[in-house]
Structure formats: C-alpha cells, structure tokens
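The values are calculated or read from the model by the stated rules, or taken from the named source; none is laboratory data. Note that the coordinates shown come from a computational prediction; the quantities given were computed from them, not determined experimentally. Quick reminder, even Gly has a Cβ in these numbers, built from the backbone with ideal geometry, and neighbours come from all protein chains shown.
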Amino acid sequence: MRLPLRDVSVRSRLGARAGAASWSGPIRGGADAEWSRFCYCPALTLIDVTRGATTPDDPRRETGALNRAHTALRESEELFHLLVERVQDYAIFLIDADGRVATWNLGAERIKGYAASEIVGRPYATFFTPEDREAGKPDRLLRRARQEGRVEDEGWRVRSDGSLFWADAVLTGLFDDEGRLRGYAKVTRDMTERRRLEAELAARQAAEIAVQLRDEFLSVAAHELKTPVTGVRAMAELALRRITRAGGTMDPEQVRVALERIVGQSTRLGRLIERLLDLSRIQAGQLQVEPGRIDLARLVEDTVATAAVAWPEHSFEVHAPEALWVEGDALRLEQVLANLLDNAAKYGAPGGTVGVELAVVGDEARLAVRDRGEGVPEAERTRLFDPFFQGHNASHQSGMGLGLYVSKQIVELHGGRLWAEFPEDGGTRMVVGLPYASVGSAAA
Amino acid sequence: MTAPARVLVVEDDTTIREALVGCLEDEGFAVTAASDGRTGLERATADPPDLILLDMRLPVLDGWGFAREYHKTAEPRARVVVVSAATDAARYAREIAADGWLAKPFALDQAVATVRRFIPADTGRGD
C-alpha cells in the first residue's frame, strides 16, 4: 500500500529523516493536496532513495546504497502492511476506482465478518442496507470523496451474516501524481456499542427526569392535601377545646360552624384524592365515561350555582338555551365545568365576573367559560393542558396542576375537544366542544 | 392589668384562619387576620402586632413579598413565625429570616405554645 504523497517537499523531508527511529509531520493528499493529516509514524525505516541514486562519485557505493535502499523500502512496506493488516479496531481497506473492495485487513474482517477471500473484488455497496443501496448512497459517498477529497458518514451497515452494525466511516479519494483517481481508502469503526451506551444513557436521563417530576408532583400533592387536613384538625380541636373550657357544652351556632367547616374541608380532601385517582386511571388507560342523555343547560345551571357559593365575591353570568341535550357522562362533565369555573374564579380578576356561554355551533355543543384575569403568558400556553402544570401565579400555588389535564381527557373520551382562547380584550376563554346531533335533540 | 398581646394571622385558607383566630382569642390574645399578603401588610403597619403568623403561599402578595416589604417598615417590628407544610416550613423560615416556624398540619396546642414562645415576656396576656 502506498500513501498518496504528492507533495514533493513532504517526500524530501521524509527522505531527510530517513533512518530515524520515528517521524511525525503533515501528509497531504486529495486531487489538489487539499487535505492534510498530522501523522506520527513509529519505527520509521524509510531511506532517502533519491539521494542514494544520485550519488555519482563511487559506482560501487552507489549500487550498495541502492540495494540497501531497496531492502529498507521492502522492509518498510512490509511493516506498513503489517500495521494496516493487524489493526483490529478499524476496518482499513482500499476500494478501487470502480467501487470494488481491493484490500482487506483484520479489523475489516472482525467488524464486517468477511474473510479477505470472500470480499475482495466485490462491490463495496455490499456493506450497505438494501434501502441505502436503493437510495444510491454508496455511489453518492464515492462521488463526494472524489469531488471533495473525503467524506464522513455514520449509519447502519450490514455484516456478512446479515446483522447490522452502526458504522462511523471516512472515505478518502486517492489520486496519483497526475491527479488521476486510483481508488479510495476506507476507514470504518464499529460504533454499535457506543451508540447503545448513548441510547442507554439517554433512557436513564429520561427516567431520572420522570422520577424528578414525580417527586415534585408528590411534594405538591402532599402540600395540597395538608391544607384541608390542617383545617379539619384545627376546627375539630377548636370545638373540643371550647367544649372542655365550657365544662362540656358548646354554643350550638359555634358547633354548626365548626361542623360545616369540617364537612367542607373533608369534601375538598375527597376531591383532591379523586383527582389523584383520575391521574392514575388516565396513566393506566382506565379512565372511563358512562354516557347517557343529559341536559347541558341544566348541568350548567346546577354547577354554576355551586360555584357561586364557593366564590361569593365573584359574579357568574350565564347565557344558555332552555335545554340542550347531548350524550354525556353527567358527573364527569360537571367535574370539567366545575374545574373551569374554579380556574376562572381563581385566575380571574378578584371579585370579577365569570362568563358562561352554552350554544350549538355547527355539529358541536359548545360550552365556554370566560374570565377577565391576566390571561396566560404566551410562553406557558402550550403547557396549559400538561399534567402538573401550575397556573401563572406560581407562588400562590393552589391545586396540583391536574385540573385541565384531567378535564381534557374527559372531554376527549366524549369524542369532543377542549381548548383555550385568549381574547384581545384580555382574560382566558376555555371552550368545551361536544358532539351534537340536532336530530337527537329534536326527539328529546 | 396588662394589655393583651396582639397577634396577626395572615392565612388564605378560611378554615385554618378561623380556627387559629378563634383559638388564640380563646387564649386571651388580641387577634387580627388577613387573607392575603397585601392586606396583611396594611394591618401590620396600621395596628402593629407583637407576633405575625405568616402563611407563605398567599394571593396578591406572597409570604416572601410580605417579608421583604415588612422589613422596610419602621421599628419596632413584630416577630414573624412561618406557617407552612412540614417539608417547607423550616426552609421558608430561613429564606425570609423569620423568628420561627409552625409546620402544617399542626395541633392547636402547638400553635398556642409557639405563639407564647415568641411573645415578648413583658407583654402580658389579657385574661
């Protein structure tokens, strides 16, 4: 094997260092010597053939020098062959100008599985997958190596037994002194293992992020659950302390207030737990709806009435027809609407108005809840329906970031959709669209 | 007779707030309350208390904002006790350089004991 040493100065410098124990320096190649490599060559036994041949004063010495030079050159070539042949980690081989394998080394045999006798003379395209061959990749790489001097490629290659390996390959065009293409040098490394490790690492990192998200969620959930637990406990203790203090009695009005609070907080606790169960149902693909014929107008009226009690400082404005019948799970849709009303009251202007509209638009029954709050920052809009996403007032954390996520799943289980609109004049408008069949409604 | 020690409860959860107010009043403290940080700050400056029980996650102005603003007000300032979920209470208290913390969920006895610990000795009880 010969290196395409076209640069005379490099050759003479090589010559000047003939006989040295080692050599390092730049070697250039390619059609116009446009690529270069800084090389280190141990145990260099090159000899300056040119100078030996042109020493005129002693013919005997000249012949001796030439013989020695030829021997040294042969030894050097043998060593170089050995070097290339015995490298195991890289497939290093030559491809002729027609794209056929011309030489083979141990690394190539180890990586690709062919013995030299099986592959030399066959097209190098043999190493590519049928898809790559069909797409003309082998020829395209040769063309680029010819035109650009070298080309790098990463991709799947086929071993002799048909198995695939992930190759990192460099293809270099080899030109003679006249600039004619002599063939190509191909150096390939099997990166399958590295690729597998990288994939494993990525999977591990993804798992760590998932665990981190879960931990954060658990911390938020625990925080959320602690508030009603604290309320229940404090109210019950207050009542007990008062009874003890008064010698076994307590003002009935105070008892009523305490019990009402305890009921309220227990209900809230139950709702939070229900939400957590919804999350695990969704993640297990087990969230179900039980549709029946329901009057959405009635559902709106009832749910808004409940919200009005929970948010006494807000006013709720409802625009809805007398009746609007759809197929749906009344309890689940009430959960969706209650959540939207809750968000509108929570994130809307304090003491502001929450607008509720129910109407048929095309083949959809649309239920919209509008607040007049700050809206949602543009950067956060895409995450609005993500699980664990918290509203914009992050420091006043309230809720577990599950409401909209669960609501969307419920609406989609009805064959409907839930989306957010951000009107120009401010606030947020959440819209539920449920399938609506006008024929069915006429029969109702 | 010494004037009762004054406690300001800043807590957005109605039930917890009412229970704390009722219990501390029963114990003879003069208690005022606020459900958000801004109102809490107004109460704290208009009628300076001896101790503030401060929830951290509050609407309008949160506990951190409250602490920042409150530290700018004129002396003498009240002791501040952070009231928050157990996992966060101690950390939040450090963050705002509070005098103490009370972890949720708490027993009312604990709340009373904490308040007594931070009320200056020369401020007597009202009963």
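Of note:
- Taken over the range B:1-16, the criterion of being more than 9 Å from every other protein chain (Cβ to nearest Cβ), under 18 Å from A:R233 (Cβ atoms) and β-branched (V, I, T) is satisfied by B:V9 alone.
- Look at the range A:233-247: where a residue is at the interface with chain B (Cβ under 7 Å from one of its Cβ atoms) and a partner is among the β-branched types (V, I, T), sitting 6+ places away or on another chain with Cβ atoms under 8 Å, you get A:A234/B:T15; A:A234/B:I16; A:M235/A:I262; A:M235/B:T15.
- Among residues of the range B:96-119, those that are within 12 Å of another protein chain (Cβ to nearest Cβ) and either part of a helix (DSSP H, G or I) or among the small types (G, A, S) (or both), counted: 7
- Condition met for B:A78 (surrounded by 15 or more Cβ atoms within 10 Å (Cβ to Cβ) and in contact (Cβ under 8 Å) with a residue 60 or more places away in the chain): yes
- Segments classed as strands (runs of 3 or more DSSP E), wholly inside the range A:249-347, with at least 1 members that are at pLDDT 90 or above and more than 27 Å from A:R370 (Cβ to Cβ): A:292-295
- Residue within the range A:150-165 that is part of a helix (DSSP H, G or I) and either modelled with pLDDT of 95 or more or in contact with a Ser or Thr (Cβ under 7 Å, 6 or more places away or on another chain) (or both) present: no
- Flag for A:T227 being facing chain B (nearest Cβ under 9 Å), over 22 Å from the mean Cα position of the chain (by Cα) and not in a strand (DSSP E or B): yes
Quick grid of which residues meet (1) modelled with pLDDT of 90 or more; (2) farther than 29 Å from A:E224 by Cβ; (3) touching a helix residue (DSSP H, G or I) at 6+ places or on another chain (Cβ under 6 Å); (4) of a type outside the set (K, R):
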position: B:V31; (1), (2), (3), (4): yes, no, yes, yes
position: B:S35; (1), (2), (3), (4): yes, no, no, yes
position: B:R38; (1), (2), (3), (4): yes, no, no, no
position: B:E42; (1), (2), (3), (4): yes, no, no, yes
position: B:L54; (1), (2), (3), (4): yes, no, yes, yes
position: B:H71; (1), (2), (3), (4): yes, yes, no, yes
position: B:T87; (1), (2), (3), (4): no, no, no, yes
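- Residue match in the range B:96-113 (condition: aliphatic (A, V, I, L, M), farther than 24 Å from A:K226 by Cβ and either crowded, with 16+ Cβ neighbours inside 10 Å or at pLDDT 95 or above (or both)): no
- Residue in the range A:366-376 that is within 14 Å of chain B (Cβ to nearest Cβ) and within 42 Å of the chain's Cα centre (by Cα) present: yes
- Verdict on A:D168 being surrounded by fewer than 19 Cβ atoms within 10 Å (Cβ to Cβ), closer than 27 Å to A:W104 by Cβ, touching a residue at least 60 places away in the same chain (Cβ under 8 Å) and in contact with a Lys or Arg (Cβ under 7 Å, 6 or more places away or on another chain): no
- Selected residue [surrounded by 18 or more Cβ atoms within 10 Å (Cβ to Cβ), farther than 22 Å from A:V432 by Cα and touching a helix residue (DSSP H, G or I) at 6+ places or on another chain (Cβ under 9 Å)] from A:I273, A:I262: A:I262
- For the range B:17-44, the candidate set comprises residues that are touching a residue at least 60 places away in the same chain (Cβ under 8 Å) and within 23 Å of A:V263 (Cβ to Cβ); within that set, the residue that is farthest from the other protein chains (Cβ to nearest Cβ) is B:L20.
- The single residue among A:R189, A:R194, A:R182 that is charged (D, E, K, R), free of Cβ contacts under 8 Å to residues at least 60 places away in the same chain and away from every other protein chain (no Cβ under 14 Å) turns out to be A:R194.
- Of everything in the range A:338-359 that is farther than 12 Å from A:G427 by Cα and in contact with a strand residue (DSSP E or B) (Cβ under 7 Å, 6 or more places away or on another chain), the residue that is surrounded by the fewest Cβ atoms within 10 Å (Cβ to Cβ) is A:A359.
- Members of the range A:137-168 that are under 26 Å from the mean Cα position of the chain (by Cα) and closer than 19 Å to A:R100 by Cα: A:E152, A:D153, A:R157, A:A167
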